[in-house]
Structures are given as structure tokens and as C-alpha cells.
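For reference, the structure is listed below as C-alpha cells.
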Amino acid sequence: MSAKLQQLETILRPVVEGLGYEFWGLEFRAQGHHSLLRVFIDDAEKGISVEDCEKVSRQVSGVLDVEDPIQTEYTLEVSSPGMDRPLFQLHQYEAFAGHRVQIRLRMAFEGRRKFQGLLKGVEGEDVVVVVDDHEYLLPFDSIERANIVPVFE
């Protein structure tokens, strides 16, 4: 995790959790003079509504105005992780073992950067995924992005 993401999480996690939601993760995309900060919140029992996002957005926005960790203009989005939820932490990979995932690595591993398959779980600091009957142990630190792949039956 980059220093900027760590700084933002340190500031925002207590705000989200103080409001009674689970801090799922965040994305920060610097896009020239205008950036995007997306904060994901969850509530396993009742789900997330637009009103929940609005409530968290107001609080997060106030804290960001005071702390001022982002020096450029940015857009703040507060969202539920959704059905194709991104995975940010090792415990999230463990919790979603048995689901299909799509993983993109920062650098190639065994000649490829993209993996889509069955998430088996976690071994130490590695994420275990099965793609076409081949099991890969992907170093967690090398994962750029990972999402659950929704299955509609």
C-alpha cells in the first residue's frame, strides 16, 4: 500500500467505523490536477443505502477539509463494495474463499499479470487462486487490484 493510501486510511477508518460502518477500503487515483478518492463502506447485516453513503460522505468530507491530505482538487465518492467488490486486505481474501476472482498484478508472475479463477484462500502472505486447474500462490504485496466476479444463476 502506498504512503498516500496509508495516510488516507489512517485518517478515514476511524470516521467510518465511528459512524457504525465497516471500512472496506479505499482507492485514490491521481488524474493530473483533478483526482478521485473512493471510500468503500459496508454493513454485513443490513447492506448500504444511498443515505448511508451520504452520511459518511458528509463526515469524511469535513475531516478531509480539516486534515487536508490531498493537495489537488479531487472528487470524493462513498460507495458500497457492490457485487463485484474489490478486495483490499488479506482477511477479505480469506472471507471470500470459494468465490471467483479477477486479479491484476503490478508485475508479471509466471509470464502473466491477469488471473481469473477460483479463490482458494490465503497461505501466509500469498493469495491462492486456481486458474484452469493450475494453482497459483500470488504474493499479496504484488496485487494491484482484485475483485470478486459475480455469478448469476
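Odds and ends about this structure:
- Rough spin-label spacing in nm, given labels placed 7 Å along Cα→Cβ, for residue 125 and residue 141: 0.4
- Cβ-based net charge around residue 65, under 14 Å, with every Lys or Arg adding one and every Asp or Glu removing one: -2
- Angle between the chain longest axis and helix 3-18 axis [Cα atoms, degrees, rounded to 10]: 70
- With a Förster radius of 22 Å applied to the C-beta separation of residue 77 and residue 19, the computed FRET efficiency comes to 0.85.
- Placing +1 on the Cβ of every Lys and Arg and -1 on the Cβ of every Asp and Glu, with no other charges, gives the chain a dipole of roughly 440 debye about its Cα centre.
- Kirkwood radius, segment 59-100, all distinct C-alpha pairs, inverse of mean reciprocal distance: 13.2 Å.
- Working note: Cα atoms of segment 51-122, range along each principal axis, descending, whole Å: 45, 28, 17.
- Nearest 10 degrees, 0 to 90: helix 50-67 Cα axis against the chain principal axis: 70
- Over the chain: helical MRE at 222 nm, DSSP H runs n ≥ 4 each giving -39500 (n - 2.57), nearest 500: -8500 deg cm²/dmol
- Over segment 1-42, relative contact order from alpha-carbon pairs under 8 Å, at least 6 apart, %: 33
- Here the relative contact order of the chain, from alpha carbon pairs under 8 Å that lie six or more residues apart, stands at 19 percent.
- With q set to 0.24, 0.25, 0.28, 0.31 Å⁻¹, the log10 of I(q)/I(0) for segment 1-50, from the Debye formula over equal scatterers at the Cα positions, is -0.92, -0.96, -1.08, -1.19.
- Entry comment: accessible area of segment 28-145 is 60 Å² per residue, from protein heavy atoms only and a probe of 1.4 Å.
- Rg(Cα)/(2.2 N^0.38 Å) for the chain, N = residue count: 1.11
The values are calculated or read from the model by the stated rules, or taken from the named source; none is laboratory data. In this text, all values refer to a predicted model and were calculated from it rather than measured experimentally. Cβ atoms come from the backbone with ideal geometry, glycine included; neighbour counts cover every protein chain shown. The accessibility values were calculated without ligands, DNA or RNA, using every heavy atom of the protein model including side chains. Shrake-Rupley method; radii C 1.70, N 1.55, O 1.52, S 1.80 Å.
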